[in-house]
Amino acid sequence: MSGLATTLCGVPLRNPLVAAAGTAGYGPELAEVVPASTFGAIVTKSITPESRTGNPPWRVVDLPAGMFNAIGLANVGLDRFMTDVVPELAALDTVVIGSIAGHTLEDFATVAAGFADPSAESIRLVEVNVSCPNTATGRLFGDDPVLLADVVAAVVERLAGTPVLVKLSPGSAGVPDLAEIAVRSGAAGVTLANTMPAMAIDPETRRSRIGRASGGLSGPAVHPIAVRLVHETRRRFEEASLTAAIVGLGGVLSWKDAAEFVLVGADAVGIGTGLFVDPRLPRRIVRGLDSWVRRQRVAGIRDLQGAVES
Ligand SMILES: Cc1cc2nc3c(=O)[nH]c(=O)nc-3n(C[C@H](O)[C@H](O)[C@H](O)COP(=O)(O)O)c2cc1C
């Protein structure tokens, strides 16, 4: 399916489908269910310097509108990630994107320095999660333009050449502004977007349906919101003459959802909730995109990037 071959921040991908952060375990777990070679890339769970147990249950709830989660960045921490997980990443037949999260600028810089270690050379790209709605400070660096610029510059410096994507929240004001700041601070692109901050309450108990007052909504309900964010941000990059990548992410359950992201200018397309819905979806989406490219009579999917008629 060479018509789907593309690049993300200069890194060749066999197709534009990316398994989203936190929905593919650390990477190897997903590969037990779906061959890694199905994907153009897999993003690891977000890693913090120290291990985190995450939020109390329930951490994932099904809502009519989609999936509602408050995992709270549960992960083994940088040291165990480096010793236990990183050696397994090289065996994955796909591009691995490492994901960084933290509470302070030093946290982000520490994990970035770890990912820059030669032992982690299988991490070809890095995504910076400044948009987690499920911890007290998860969105601090994604909402404040000054903090965002500082954290991106610090991570880019530590990574010394590994391209950086900055993952923003659909709940932030002025996403194209924030995306422009991220790129001007050294990011190679942005991922749009994380889960939508949301609430769901059980009227009988009068309590949140999740182990936190609020959580993050993903799945079909957020898809049109993310499509618009990609469209606006691509336009902004063009107006500002910035060459930067966009990963469209949110509610992809079919090839048509993925194609929408490509048409509004995404270089690659993430899938998270869809992996839980049906593990056969990734293969179906890739096949569907391949036939779409043929029907559109273009040489490859890159010819359809940003090709929306408006
Ligand atoms: C269970 C679960 C865990 C997630 N964990 C992370 C994470 O560790 N880091 C991150 O950047 N995003 C995380 N996300 C957000 C997803 O990567 C994605 O941005 C979001 O779910 C929207 O895409 P979707 O509608 O395809 O699921 C998580 C989402 C879910 C549902």
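What follows draws every value from the coordinates through simple rules; no lab data is involved. This structure is a prediction, so every number in the text was calculated from the model and none was measured. Heads up, the Cβs are rebuilt from the backbone with ideal geometry, glycines too, and the neighbour counts pull from every protein chain shown.
Relative contact order of the chain: what whole-number percent is it, with Cα pairs under 8 angstrom and at least 6 residues apart?
Contact order relative to length: 19 percent.
Are there any GluC sites (Glu not before Pro) in region 224-310 that are in a DSSP loop and have at most 15 other Cβ atoms within 10 Å? List them by number.
The qualifying sites are E309.
Per DSSP helix of 4 or more residues, -39500 (n - 2.57); summed, then divided by the residues of the chain. What does that give at 222 nm, rounded to the nearest 500?
-9000 deg cm²/dmol
Given the Cα-Cα distance of A91 and R235 and 0.36 nm per residue of separation, how much length would full extension add, in nm?
Full extension from A91 to R235 adds 48.1 nm.
Mind giving me the nanometre distance, one decimal, between the label points for S214 and S310, set 7 Å out from Cα along Cα→Cβ?
Result for the modelled spin labels: 2.8 nm.
What's the longest piece of the chain with no exposed trypsin sites (Lys or Arg not before Pro), counting a site as exposed if DSSP puts it in a loop and it has at most 11 other beta carbons within 10 Å?
1-205
I'd like to know how region 159-298 sits against the 2.2 N^0.38 Å rule of thumb: what's its Cα Rg over that expected value?
This ratio for region 159-298 stands at 1.17.
Give the Kirkwood hydrodynamic radius (Å, one decimal) of region 39-134, defined as one over the mean of 1/r across all pairs of different Cα atoms.
14.2 Å
Counting only the backbone N, which residues of region 63-95 are under 19 Å from the spot 7 Å out from the Cα of R207 toward its beta-carbon?
Under 19 Å, as judged by backbone N against the label point of R207, lie 63, 68-72 of region 63-95.
Using a Förster distance of 22 angstrom, determine the FRET efficiency expected from the C-beta separation of R80 and E106, and round it to 0.05.
0.70
With the calculation restricted to Cα positions, what are the radius of gyration and Dmax of region 103-168 in angstrom?
In order Rg, Dmax, the Cα atoms of region 103-168 give 11.5, 33 Å.
Quick check of the Kirkwood formula: for the chain, what is the inverse mean of 1/r over all pairs of different Cα atoms, in Å?
Its Kirkwood hydrodynamic radius stands at 19.1 Å.
Any idea what the relative contact order of region 167-310 is, in percent, if you count C-alpha pairs under 8 Å spaced at least 6 apart?
Reported relative contact order: 20 percent.
Looking at region 72-224 from every direction and averaging, what is the projected area of its Cα convex hull in nm²?
10.2 nm²
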